[in-house]
Amino acid sequence: MGERPLNNTSTERGWLTPVSDDPDYDSALEDLLHQWVCNVSGLPDKLVRPRWQKEQPPLLPVDINWCAFGVISVPVDNGPAFTQQTDEGVQLWRHEAFECMASFYGPGGMALASRFRDGISVSQNNAELNELGLSLGGCSDLTPFPELINQQWVRRYDMTVHLRRKVVREYGIKTILSAPVQFFGE
């Protein structure tokens, strides 16, 4: 197994890791998405839930409108760019995409899903999403997907939302300032 360089730069052989912080992933990304869904749908904080949680809360009554959301896919961008080369390092830029599923439950599930779909199309709402480091790529149709829960049919409407962001990671890849090379001849 290779040795990790002590200074994490290209001045020594070995593996390199980013010298910059990672963007928001996992629960931090869920927090951003939660804020977005609440603000655009108009649902209260407690009625917008991450789809998968360590400790799953009890299902809400069938007469309550609410939303479950989560990242379901992170399509790969196989074209990262190395840019912003300085004496100290280089930046890797990658355009990352997320497919998020939002499911709207309750007697007003279709109305909420429709309100959310239309709300994400409003330029001012997309500007607020941009402040979170994300941008809207588009969304799917609304798909009715009723569920039988506790012997009761619960209205459910699903949609997939495509989000994008630019990820920038800095690596300590140094520029070549001089090389021990001699040229012979004229």
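The values are calculated or read from the model by the stated rules, or taken from the named source; none is laboratory data. Here the structure is a predicted model, which means the values were calculated and not measured. Using ideal geometry, Cβ is built from the backbone for each residue, glycine included, and neighbour counts are taken over all protein chains shown.
For the reader, a short list of remarks on this structure follows.
- Among the conditions (1) over 16 Å from the mean Cα position of the chain (by Cα); (2) under 25 Å from residue 35 (Cβ atoms); (3) among the aliphatic types (A, V, I, L, M); (4) surrounded by fewer than 18 Cβ atoms within 10 Å (Cβ to Cβ), the only one that residue 149 does not satisfy is (2).
- Scan region 130-165 for residues that are in contact with a helix residue (DSSP H, G or I) (Cβ under 6 Å, 6 or more places away or on another chain) and closer than 21 Å to residue 94 by Cβ and the total you get is 2.
- Considering region 148-181, the residues that are of a type in the set (S, T, N, Q) and in a strand (DSSP E or B) include one that is modelled with the lowest pLDDT, namely 152.
- Residues that are touching a Cys at 6+ places or on another chain (Cβ under 7 Å) and without any contact (Cβ under 8 Å) to a residue 60 or more places away in the chain, drawn from region 106-124: 117
- Counting only residues that are farther than 30 Å from residue 19 by Cα, in contact with a Ser or Thr (Cβ under 9 Å, 6 or more places away or on another chain) and not aromatic (Phe, Trp, Tyr), region 93-116 holds 6 of them.
- The residue pairs whose first member lies in region 125-150 and is on the phi > 0 side of the Ramachandran plot, whose second member is among the aliphatic types (A, V, I, L, M), and whose beta carbons are closer than 8 Å, counting only pairs six or more residues apart or on different chains, are 133/32; 138/161; 150/59.
- Single condition residue 137 does not satisfy, out of (1) closer than 25 Å to residue 20 by Cβ; (2) touching a Phe, Trp or Tyr at 6+ places or on another chain (Cβ under 9 Å); (3) surrounded by 14 or more Cβ atoms within 10 Å (Cβ to Cβ): (3)
- Checking 104, 184, 145, 98 one by one, the residue that is at pLDDT below 95 and within 26 Å of residue 28 (Cα to Cα) is 98 and no other.
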